[in-house]
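Every number in this text was worked out from the coordinates using simple rules, so none of it is lab data. Please read all numbers here as calculations on a predicted model, not as lab measurements. Cβ atoms come from the backbone with ideal geometry, glycine included; neighbour counts cover every protein chain shown.
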Amino acid sequence: MSSVLEELLKSKGLPESAVDLYLSCMGMGPMSMAELSMALNKPFDVVESSMKILVREGFAREIEGTPPRYEIVPPYKLFIDQLAAFKAKFEEFEREIKESIDSSIETLKGEVKEFNNSMLEAVNGGLSKIFSGVEDALSKISEAVEGHVDSMTSFVGNSVSKLSEQFSKHLEDLKTGLEGKLSEAMRETESKVSEFNEAIVRETSGMVRKLESELGLLTTFVSKELGGVTISASESLENFTKDATNSLRGALNSLERSMMELTNGLKNMLSSAVESISGSVSESMSRLAEEIGGLMKNVMEQVGRIQETFARISNMI
């Protein structure tokens with residue numbers, strides 16, 4: 001305690017003698033200068049000069065009287081003064097800390113603002129580069145897709161055209177071959193029917209001539225053998241022979257007409273079949289052309305949708 005008090009007194013600028021007097025008088029009541037000199041066994045002049053310093057500095061008080069007496073001020077005043085000094089220093093220190101903190105905060109704000117600006121610039125630059133790269137990539141992708149789509153469309157169109165041409169060629173070849181075979185079959189049929197008719201006519205004519213010859217011989221024989229009696233019978237037989245010949249010729253003519261009608265019917269049937277087949281082939285070609293046209297339309301619609309999608313993506317970017 002005394003060492004702390006001694007340090008406090010020295011910090012007030014008191015001389016060593018005044019500090020020693022103050023410490024020596026602690027716990028004593030009011031005393032005169034002479035009593036203090038005797039009690040402390042110190043020279044009177046030293047006590048007197050030291051006490052005046054203590055009174056002047058407020059560490060002792062003078063009590064009026066004869067002789068005047070002196071009493072030191074309790075040390076709590078020193079502590080209060082020290083606390084006041086500490087408080088003043090603390091307040092000064094607090095003010096300096098606040099100023100330093102405020103200055104640091106302002107500096108930090110400025111640095112943070114600069115950092116934010118630099119970060120924003122870096123982010124904006126990076127985003128710009130990213131967007132530019134994305135746009136370039138999408139542009140390249142769009143060009144590549146358009147090239148592939150055009151190639152695909154051209155390939156599909158060429159394939160469809162080649163397929164149509166080949167199919168039409170095969171159909172024409174089939175039609176031509178079928179018409180040729182049918183025409184050849186009709187010619188062969190007509191030839192066979194004509195040959196058959198000629199053979200029948202030849203056979204029938206030979207039979208008729210042979211019959212007429214036989215009847216003529218029979219008539220001559222009968223005429224020679226029977227004479228006049230048989231003339232009427234011979235005439236009747238001759239008439240019969242003529243009727244039979246005419247009937248046979250009529251039958252042959254009817255058969256020939258029937259064969260001709262059969263030939264014409266066969267020819268008409270073959271012609272109808274050829275026309276029906278030609279119509280079916282034409283209808284099949286028309287349907288194929290419609291289906292190919294529908295396919296091309298669907299392909300073009302898909303191509304248009306792909307192009308619209310890439311256009312939307314480009315607009316969004």
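Structural remarks
- Three-way shape label, the stretch 2-74, alpha-carbon gyration tensor, a/c 1.5: prolate
- Ranked packing of 16-24, 28-36, most packed first, by mean Cβ within 10 Å: 16-24, 28-36
- Across the stretch 295-304, computed HN-Hα scalar couplings (Karplus, 6.51 cos²θ - 1.76 cosθ + 1.60, θ = phi - 60°) run 4, 4, 5, 4, 4, 5, 5, 4, 4, x Hz from first to last residue, x flagging Gly and Pro.
- The aspartates and glutamates whose alpha-carbon is closer than 19 Å to the alpha-carbon of K140, local same-chain residues fewer than 8 away aside, are D150, E308.
- Within the stretch 291-311, backbone nitrogen closer than 13 Å to the virtual label 7 Å beyond the Cα of N158 toward Cβ: none
- Close amide-amide hydrogen proximity is noted between V73 and A60, R61, each under 5 Å apart and 5 or more residues distant or on a separate chain (H modeled in the peptide plane; Pro and chain starts excluded).
- Multiplying the residue separation of E111 and E198 by 0.36 nm and subtracting their alpha-carbon distance yields 18.8 nm.
- Tensor-based shape of the stretch 1-134 (alpha-carbon gyration tensor, a/c under 1.5 rounded, otherwise prolate or oblate): prolate
- Between the stretch 1-73 and the stretch 297-317, the C-alpha centres lie 107 angstrom from each other.
- Residues with amide H under 5 Å from that of S32, placed H, sequence gap 5 or more: Y70
- Out-of-range pairs (alpha-carbon distance over 30 Å; input K10/K98; K210/K267; K10/K87; K169/K267; K242/K267; K169/K297): K10/K98; K210/K267; K242/K267
- Burial order of peptide ranges 68-76, 56-64, 44-52 (average beta-carbon count within 10 Å, highest first): 44-52, 68-76, 56-64
- Seen from S37, the other residues with C-beta closer than 11 Å to its C-beta sum to a net charge of -2, counting Lys and Arg as +1 and Asp and Glu as -1.
- Full extension of the segment from N298 to L120, taken as 0.36 nm per residue of separation minus the current Cα-Cα distance, would add 59.2 nm.
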